[in-house]
Structure formats: structure tokens, C-alpha cells
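Contents: one structure, followed by commentary.
The values are calculated or read from the model by the stated rules, or taken from the named source; none is laboratory data. Model, not experiment: these values are computed from the prediction. Every residue, glycine as well, gets a Cβ built from its backbone with ideal geometry; the counts of neighbours run over all protein chains shown. Note: accessible area is taken over every heavy atom of the protein model, side chains too, but ligands, DNA and RNA are not part of it. Shrake-Rupley method; radii C 1.70, N 1.55, O 1.52, S 1.80 Å.
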Amino acid sequence: MLPPGAINSGPPVVPRPSATVLLVRGSRPWELLLVQRPGGADFAPGAYVFPGGTVHNDDMGWGDEIRMAATRETFEEVGVLLARRGRQFAGETECDLVRSIVESGKTFDEALRELRLEPALDRLVLFARWVTPVPLRRRYDARFFLARMPANQEVRPQEGEVMDWVWITPERALASPDVTLVYATRAVLESVAAEPDAAKVFSRARRLKEVPIVEPRMVQTESGWEIEH
């Protein structure tokens, strides 16, 4: 059920372009990264979600602002840098350098350019797109991407943005009473949970010629407004 204040009482809200990333590690079985939002977060407080967020102006300079937003948000939230210099993918040294430059007041975009790093946008495989229902006060046009966790990096969650994090199989995430999931996160997990081989999950996503837009509808029940699709 939706929290109080979620329903919009004015004109329809335009969905904000956003991106989220399913970071995958392992092969068979495989796990993905879920992060827990702080209790006071604007979106899904206390729930476990995939790293991600909305597009910023600084994301516009690399030719694909949606994938760039996914790359930036992944670094800002969990410290994972999907970038390369030439054919060499970034490791913890590059992560520390980018973090240091950003902490000095520069943007993520400026840090990459200063270090001559290129965001590895081609590593992000689009496989789902969800748009928040019209009646809601906060609306997002969210693209969901698959990406491999870099072998030479580790998760470093951002204090204040991430309260907890876990590597977990989709099946366990769906079954665990300790993992609170928002509607879209649960539905996306259900769409990949049946495949035990990570390579086949990526292959299936790459074969998609068109990613359909899923826009759930709102249903008013005796206990309040609920989302279904």
C-alpha cells in the first residue's frame, strides 16, 4: 500500500528521466547488489533497491545521458566505477582518485575528464523501463540496466545515501522477510529470478530489439491506493 501523501492532488507530474543498475557478480549461481535507502529518504525509505537516480545536467556531455546517469549514480551510491582508460578497466586506485577529485568540489564528469577515464557505457545493458503511474506525486521514467561488477573493485557505500547493502540472489531477495521491496524492484527481480545462469540473463537482454514501457496502474481498495500492472 502507498504511504500517506503519495497521491498527487494537482496537475499530472512529468516523469523525471532516471536510471538504475543491477550489478551482477558470479555466474551460476549469480547475485546482484541491493542497497537499503535511509529511513528519511525521499524515495522508498527503508526499502532495498538497485543503485540509481535521476539524470543531472552534468550527464549530458557523453552522448547518452541515461547511461551516464546510471554510471554516475552507481559510483556516488556504492563506489563502483564503471569506467576505463583505453582497454584497462578502472580499479580501486582510479576509484580513490575520482572520489578525491569529487570531494574537492568538482563534478563526477570533471573527475573522469581530468583522469582521462571514459565511462564504460557499453557495459550497461538495457532490459527494462518503468514509468511511475500518473496519479503519484513523485514520478520517474526509469531505465533498468544490467552490468557486471568489476573484478578489481569493491563496494563502498556512500554514507547518508545507503543505510545497508547486500549481495543476494534474486530468489533469496524475493523470499526474505528482512528485505523490503518496492513494487517495481520486486517485479524486476521476478523477471530474472528463474534464470540460474547470469550469462543467459545478459544474452536475453542484448537480444531485445525494443524494451517495452511498463506503466502500472493505480487501484483504490478498501485499505487505500495500491499499484498493479
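Here are some notes:
- Check on VAL134, within 14 Å of the chain's Cα centre (by Cα) and not charged (D, E, K, R): no
- The set of residues from region 194-207 being in contact (Cβ under 8 Å) with a residue 24 or more places away in the chain and either touching a Phe, Trp or Tyr at 6+ places or on another chain (Cβ under 8 Å) or over 16 Å from VAL21 (Cα atoms) (or both) comprises PRO196, ASP197, ALA198, ALA199, VAL201, ARG204, ALA205.
To keep it simple, each residue is scored yes or no on (1) surrounded by 14 or more Cβ atoms within 10 Å (Cβ to Cβ); (2) at pLDDT below 85; (3) under 19 Å from THR74 (Cα atoms).
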| residue | (1), (2), (3) |
| --- | --- |
| GLY5 | no, yes, no |
| GLY10 | no, yes, no |
| THR20 | yes, no, yes |
| LEU33 | yes, no, yes |
| GLN36 | yes, no, yes |
| ALA41 | yes, yes, yes |
| ALA44 | yes, yes, yes |
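- None of ARG129, ARG85 is more than 11 Å from the chain's Cα centre (by Cα), surrounded by fewer than 19 Cβ atoms within 10 Å (Cβ to Cβ) and within 21 Å of VAL188 (Cα to Cα) except ARG129.
- Scanning region 184-217 for residues that are of a type outside the set (Asp, Glu) and open to solvent by 30 Å² or more (accessible area, probe 1.4 Å) yields a total of 17.
- Residue identified as touching a strand residue (DSSP E or B) at 6+ places or on another chain (Cβ under 6 Å) and not aliphatic (A, V, I, L, M) among PHE144, PHE89: PHE144
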